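The values are calculated or read from the model by the stated rules, or taken from the named source; none is laboratory data. The structure displayed is predicted, hence computed values, not measured ones. Here the Cβ is made from the backbone with ideal geometry for all residues, glycine too, and neighbour counts use every protein chain on show.
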Amino acid sequence: MSQQSVIAVNRFGLGAGPGELAAASADPRGWLAKQAGQPAPAYPQFERLAHSSEALKEYPRWIAKLGRARAGMEGGADMAAQRSVEGTFREHFGPIMLEEQGARLAVAAATPVPFHERLVWFWSNHFTVSAEKALIFGLVGSFEREAIRPHVTGNFAEMLLASSRHPAMIMYLDNHLSVRKGWQPRQVARSAAFPPPSGLNENLAREILELHTLGVNGGYTQADVTEFARVLTGWTVRPMMNVPAGGTPGFLFDAARHEPGSRQLLGKTYAEDGVAQGEAVLRDLAAHPATATFVATKLARHFIADEPPPAAVARIARAFGDSGGHLPTVHSALLDCPEAWERPLAKLKSPIEYIVSCLRALPAARAAQPQSLYFTLRGMGQRPYFAPSPQGWPDAAQAWAGADALWKRIEFAGILAARTGSSVDPLRLASESYGDALGEGTRRAIERAESRQQGLALWLASPEFQRR
Amino acid sequence: MTTRRQALQLLGGIAAIGGLPRLTLAASSASERRLVFVFLRGGMDALSAVPAYGDPNYAAQRGILAVPAPGTPGGALDLDGRFGLNPYLVEMHKLYAARELAVLHAVASPYRERSHFDGQNLLENGTPKPFGRDTGWLNAALTARPNALAGPAAFALGQSIPLVLRGPAQVGSWSPSRLPVPDAALLDRLGELYRGDALLAQSFTTAREAQKMMEGRDGMGGGGQPVEALAKAAGEILGRREGPRVASIDFGGWDTHIGQLGEYGPLTRNLRLLDRSVATLKQSLGPAWQHTAVLMVSEFGRTVAPNGSNGTDHGTGGAAFVAGGAVRGGRVIADWPGLAANALYEGRDLRPTLDLRALFKAALAAQLGVTDSALEAEVFPDSRAVRPLQGLFA
């Protein structure tokens, strides 16, 4: 087994499933390029999951409930009513989220195109939405299916537009509450529980510039942030408090909330053009050289090394610029970087990468209840859909290599091995997934294990298997 | 006739000078002193947490978000006739009255932009630049302290080690777990296996020590909010006669762009949790509280004026809390720049007048015995102009 195929299935893929290393070994690069270039198969696990518009249909009911609870609290009542509504909101959407998480893990554990799936993860993390904000509890799963997956084989600008318009992103970064000065809600009863917004909220504008496109050193100023926030006024969601009832649930450009006028952004003037003004800004941001470098740096960090090699960054950024952000071209440039193929095991797996690679290696473990995996991941500090901030999950070993993080992996390896180890030959599993990258120390430790279970636990907790 | 404000100032004055004299702080021996670093990630809204109700521009500038003056419904808990604590910081107000809490206002790190992630990185790495290095000042202080104890000198409470504690000095971490402890035979063999892997070997050694330390403990930390459970665990770890003397706790969720108002706002929820967690930490530390200083800081403050959604956007100057028996508390430390429109930083933020590194340096000198020269050379490079705050620690 060549080093190249070990890298292809473990670093670019999601960890070797049975027979996968052998399948990739004839042409590792071609095996990956094919996955990056074409849409993923239709996953049956996603068939039952609802579109964001379905979840949004239920929002008015919850908003009304919450409003009633809040109204009842005026005059110093306690928080119990409020808590119970939020509790039932979570209870309602909790099983939906669990189903979403279970489907996502099941797809990752068994997909025949693991590189494609990893790219989905990468871009989802780039455009992070997090259920840390309870308001989008019911939307974080559909965000990935609607705004990210369709564009992984398409164009960065389209993904940026889809993300920026998606109800989950708009609500996560508060743009539904950003309005022009002097805006007054019409056709809507004023509610004391939800006072209507009265001006700008710059959250979405800032994070698009800082995290989705130019990067924090991309050359924008506070004045650009404020101007962009004005451009984005009116980008909201239906149905929502203080939005007229009716219409299709989803993205809404509400001209009444939009701050009219031409805007100066990054030295360019954008004439008033309704929703198209914002779209024009987003397209220019997508095509900006700073965006190419920012995205290339993140790709190189994820796929090559925590300290991205400058030559690889330059190559990927050039492909991004030359192709106008055509993502299959960009992903292919990544595969062309010699640095990506030089050193196996350069990256420490994140908790979710670790768990999924265990599931891929051990088909018997895939029957695990999504709920137990969810709690395991929460214990490891990477609860799916709950990234701690709009920056997303960290992508460097230092974030995941602490004592507690390692301990949780060992606990998981121990319990998984105890459950499945009797039917697995650990040494064979190790060499069939890591080939020559399996070190002598680990090989000896597995050979000398006092039981198959212990041998498997040693392999799953080994320095090699924790890396990709 | 006395106006309400004059009366309040008078009351505040009496509270400040007329409180029960505290027993003279017994000097702790070097090995008894402890330091806890609590990072309030997301940018705490300092003018809600520590309302400057006595500033003539406070009510007008804050508008709907203004915390009323003490003595009015929902009013601040008075500190010194000028500043108050948010009414939900009840336990912290008690600590203030007992002179075990000091409040610093109009503070900031050297960072002057408005990105959380650069701001947090700079505050933690200890240089004047985001990503100025990939290790943290608290770790550097562990290396620089004289008479380091054997074993991990510091513990990060949580699943990962924050940048401020990353670096060459050995650091443990711990968080609650639902899974069973692996059997000892497996652990012994893993110890062997990790020998050739510097990164994992160190983490593994400290993890095993942590497990010994926390043996027999309720796995989930007694329920409750995670941060409170971590505060309890920090007290248990630092409370031991021998063992780590430094702990960090990460506490996120302070990025309150919307709906800060009232009982159900995210800010209120966080302030209550902070208040409870400080009380829990004190209780859990037991007698060791006497020798402890707890630093509570955030990467920046928020805009002075509310934004369009009853929240606040990213700002500059903020506030910090310092609690513990080793603190000369009961006072507000602020070179107050005022909230008049022309006094604001870039026309929108509280202007910072105190560098947080002055607090950090004083805390490291007092609690860990780090020398001035080490503070300037290794812990906070390029910080000679920032003098340690005087007289804050016993």
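Quick notes on this structure:
- Selection status of A:Gly402, of a type outside the set (A, V, I, L, M, F, W, C), surrounded by 18 or more Cβ atoms within 10 Å (Cβ to Cβ) and on the phi > 0 side of the Ramachandran plot: no
- Residue in region B:108-122 that is of a type in the set (Asp, Glu) and either in contact with an Asp or Glu (Cβ under 7 Å, 6 or more places away or on another chain) or closer than 18 Å to B:Val322 by Cβ (or both) present: no
- Which listed residue, of A:Ala397, A:Ala365, A:Ala387, is touching a residue at least 12 places away in the same chain (Cβ under 8 Å), of a type outside the set (Asp, Glu) and farther than 19 Å from A:Gln101 by Cα: A:Ala397
- Every listed requirement among (1) buried (at least 20 other Cβ atoms within 10 Å of the Cβ); (2) at the interface with chain B (Cβ under 10 Å from one of its Cβ atoms); (3) within 25 Å of the chain's Cα centre (by Cα) is met by A:Arg378 save one, (1).
- Taking region A:218-322 and the helices (runs of 4 or more DSSP H) fully enclosed by it, the elements with 2 or more residues that are at negative phi and touching a Gly at 6+ places or on another chain (Cβ under 9 Å) are at A:222-232, A:275-287, A:289-303.
- B:Gly311 among the small types (Gly, Ala, Ser), at pLDDT 95 or above, assigned to a loop (DSSP other than H, G, I, E, B) and assigned by TED's automatic domain parsing to the domain that holds B:Gly243: no
- Filtered by the rule that a residue be out of contact with any helix residue (DSSP H, G or I) (no Cβ under 6 Å at 6 or more places or on another chain), of a type in the set (A, V, I, L, M, F, W, C) and under 17 Å from A:Val179 (Cβ atoms), region A:202-254 gives A:Val243, A:Leu252.
- Filter pass, B:Ser298 being over 23 Å from B:Gln120 (Cβ atoms) and within 14 Å of chain A (Cβ to nearest Cβ): no
- Sole exception among (1) in contact with a helix residue (DSSP H, G or I) (Cβ under 8 Å, 6 or more places away or on another chain); (2) modelled with pLDDT under 95; (3) part of a helix (DSSP H, G or I) for B:Ala229, by number: (1)
- Among the residues of region B:109-150, the one identified as farther than 16 Å from B:Leu40 by Cα, within 11 Å of chain A (Cβ to nearest Cβ) and either in a helix (DSSP H, G or I) or of a type in the set (Ser, Thr, Tyr) (or both) is B:Thr135.
- Those residues of region A:443-461 which are surrounded by 22 or more Cβ atoms within 10 Å (Cβ to Cβ) and not aliphatic (A, V, I, L, M), in sequence order: A:Gln454, A:Gly455, A:Trp459
- Among the residues of region B:248-273, just one is hydrophobic (A, V, I, L, M, F, W, C), under 30 Å from B:Glu209 (Cβ atoms) and within 12 Å of another protein chain (Cβ to nearest Cβ), namely B:Phe251.
- Of the candidates B:Arg241, B:Arg245, B:Arg276, the single residue that is free of Cβ contacts under 8 Å to residues at least 40 places away in the same chain, more than 13 Å from chain A (Cβ to nearest Cβ) and more than 16 Å from B:Val50 (Cα to Cα) is B:Arg241.
- In region B:160-206, the qualifying residues are those that are closer than 23 Å to A:Ala346 by Cβ and part of a loop (DSSP other than H, G, I, E, B), and the one that is farthest from the other protein chains (Cβ to nearest Cβ) is B:Pro168.
- Qualifying residue in region A:238-248 (condition: facing chain B (nearest Cβ under 10 Å) and over 28 Å from A:Thr293 (Cα atoms)): no
- Set B:Ala185, B:Ala141: member being farther than 22 Å from A:Ala397 by Cα and buried (at least 22 other Cβ atoms within 10 Å of the Cβ): B:Ala141
- Failed condition for B:Ala106, given (1) within 14 Å of chain A (Cβ to nearest Cβ); (2) small (Gly, Ala, Ser); (3) on the phi > 0 side of the Ramachandran plot: (1)
- Of the criteria (1) of a type outside the set (A, V, I, L, M); (2) surrounded by fewer than 24 Cβ atoms within 10 Å (Cβ to Cβ); (3) in a strand (DSSP E or B), which one B:Phe321 fails: (2)
- Subset of region A:199-233 (residues that are among the hydroxyl-bearing types (Ser, Thr, Tyr), in contact (Cβ under 8 Å) with a residue 24 or more places away in the chain and either surrounded by 24 or more Cβ atoms within 10 Å (Cβ to Cβ) or farther than 18 Å from B:His257 by Cβ (or both)): A:Thr213, A:Tyr220, A:Thr233
- Boolean, A:Arg383 is modelled with pLDDT of 95 or more and either in a helix (DSSP H, G or I) or more than 21 Å from A:Val9 (Cα to Cα) (or both): no
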